[in-house]
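The values are calculated or read from the model by the stated rules, or taken from the named source; none is laboratory data. Computed from a predicted structure; not experimentally measured. For neighbour counting, all protein chains shown are included, and Cβ atoms are generated from backbone atoms with ideal geometry for every residue, glycine included. Remember, those area values only see protein heavy atoms, side chains included, never the ligands or the DNA or RNA. Shrake-Rupley method; radii C 1.70, N 1.55, O 1.52, S 1.80 Å.
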Amino acid sequence: MIKRITVKTRGQGLYEFTDKVRKCLSEVNINSGLCTLFVRHTSCSMIIQENADSTAKDDLENWLNRLVPEGDSLYTHTFEGRDDMPAHIKSVLTATHLAVPFDNQALLLGTWQGVYLWEHRHAPHSREIVVHFS
Amino acid sequence: MIKRITVKTRGQGLYEFTDKVRKCLSEVNINSGLCTLFVRHTSCSMIIQENADSTAKDDLENWLNRLVPEGDSLYTHTFEGRDDMPAHIKSVLTATHLAVPFDNQALLLGTWQGVYLWEHRHAPHSREIVVHFS
Amino acid sequence: MIKRITVKTRGQGLYEFTDKVRKCLSEVNINSGLCTLFVRHTSCSMIIQENADSTAKDDLENWLNRLVPEGDSLYTHTFEGRDDMPAHIKSVLTATHLAVPFDNQALLLGTWQGVYLWEHRHAPHSREIVVHFS
């Protein structure tokens, strides 16, 4: 069973979309199984992280921006903008797909876990995520 | 088919639990398929790595600790302890879920591959892993 | 349904094998589902990245080689060669498995996404990938 989620982004940052995943799950008639999320882009990614305190999100963003800065003289792939090559590297260091088991039609996330789209580009984007239930 | 594994940790480090995964697999009546592991925490993670030589484990641990040190002045998320924000970053750089195919009721791991829980916090923890077979 | 792919490598770099995955998919009689790829080694890995411009591949390779250099005095696991411990670290920072949903017997990759084996060792290798369809 395949469904689709769109996450609209307004620049770099972590966008939680756990509720959209829960809504998809509520629409499929499977009691127990695995939910796999796949993002169809190479300049954003996904993570599962703490959703209790927004300072953790800020620190993740700032830490990754320091590790993979714009304007690095190493980059030759620059014609799509200063934020493009850092976006590809950040995408590679995080995840293009996630998987979360579910039971009794509820995602088995831990108490503090949320599902995030990580936008690595400055311009607004509409990000497509394919959701597979099995 | 969903099962659970608990890994008890005694501080930072890599804890192999391949045998616990094999035991789960032996308890389900599926000959061939996919085993997906999901860890329900944001301050530990999982990897598949070499289990032949423990120096590889030590180097992984030391390398990641140098890349993501405690006490970095960048961190603002500090109230849960000095090891908390580094733990979230390390978790993001590694994996919250793994998947291993199996056939004839045997995991199709390579000769030197083992499944590890990577504890990123100093205090002892009891880490919950959900195991999904399909 | 389990199949196998072999990717022959001739030193470090990104080797696209999207066509081999498509060929496997064409051989299985499943219309819609999830394709999971698992690499049976700890010194190479896999990523999904842009396949439109080869400079992106070069930059990824050079960036990761700078982050995880050979000859780092931190390494104690050195008897398998100077490129061995960096290979394990690079493997941990990227992915041992990938998953791509498919529908109407076509992979739901984004327009610019390709599937890559990332060889982290200098010597030629024959890399085994297990492909699971569900």
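For the reader, a short list of remarks on this structure follows.
- Residue in segment A:32-49 that is aliphatic (A, V, I, L, M), modelled with pLDDT of 95 or more and open to solvent by 30 Å² or more (accessible area, probe 1.4 Å) present: no
- Condition met for A:Thr94 (closer than 17 Å to C:Gln113 by Cβ and of a type in the set (Ser, Thr, Tyr)): yes
- Checking each residue in segment B:43-94 for being outside any helix (DSSP H, G or I), within 12 Å of chain C (Cβ to nearest Cβ) and hydrophobic (A, V, I, L, M, F, W, C) picks out B:Met46, B:Ile47, B:Ile48, B:Ala52, B:Val68.
- Within segment B:118-134, residues that are within 13 Å of B:Lys8 (Cβ to Cβ) and within 13 Å of chain A (Cβ to nearest Cβ) sit with their Cβ atoms under 8 Å from residues that are open to solvent by less than 40 Å² (accessible area, probe 1.4 Å) and of a type in the set (Phe, Trp, Tyr), at 6+ positions apart or across chains, in these pairs: B:Ile129/B:Phe17; B:Ile129/B:Phe38.
- Of all the criteria given as (1) farther than 30 Å from B:Ser134 by Cβ; (2) touching a Lys or Arg at 6+ places or on another chain (Cβ under 9 Å); (3) without any contact (Cβ under 8 Å) to a residue 40 or more places away in the chain, the one not satisfied by C:Leu108 is (1).
- Segment A:57-83 residues that are on the phi > 0 side of the Ramachandran plot, paired with ones that are modelled with pLDDT of 95 or more and not aliphatic (A, V, I, L, M) (beta carbon under 7 Å, 6 or more apart): A:Gly71/A:Arg82
- Scan of segment A:1-37 for residues that are under 13 Å from the mean Cα position of the chain (by Cα) and without any contact (Cβ under 8 Å) to a residue 60 or more places away in the chain, ordered by number: A:Lys20
- Scanning segment B:118-134 for residues that are open to solvent by less than 20 Å² (accessible area, probe 1.4 Å), of a type outside the set (Val, Ile, Thr) and either under 21 Å from A:Ala52 (Cα atoms) or part of a loop (DSSP other than H, G, I, E, B) (or both) yields a total of 3.
- Single unsatisfied condition, A:Asp72 versus (1) surrounded by fewer than 23 Cβ atoms within 10 Å (Cβ to Cβ); (2) under 27 Å from B:Lys3 (Cα atoms); (3) not polar (S, T, N, Q): (2)
- All positions within segment B:75-94 that are open to solvent by 10 Å² or more (accessible area, probe 1.4 Å) and out of contact with any Leu (no Cβ under 9 Å at 6 or more places or on another chain): B:Tyr75, B:Thr76, B:Thr78, B:Phe79, B:Glu80, B:Gly81, B:Arg82, B:Asp83
- Checking each residue in segment C:95-117 for being crowded, with 20+ Cβ neighbours inside 10 Å and in a loop (DSSP other than H, G, I, E, B) picks out C:Thr96, C:Leu108, C:Leu109.
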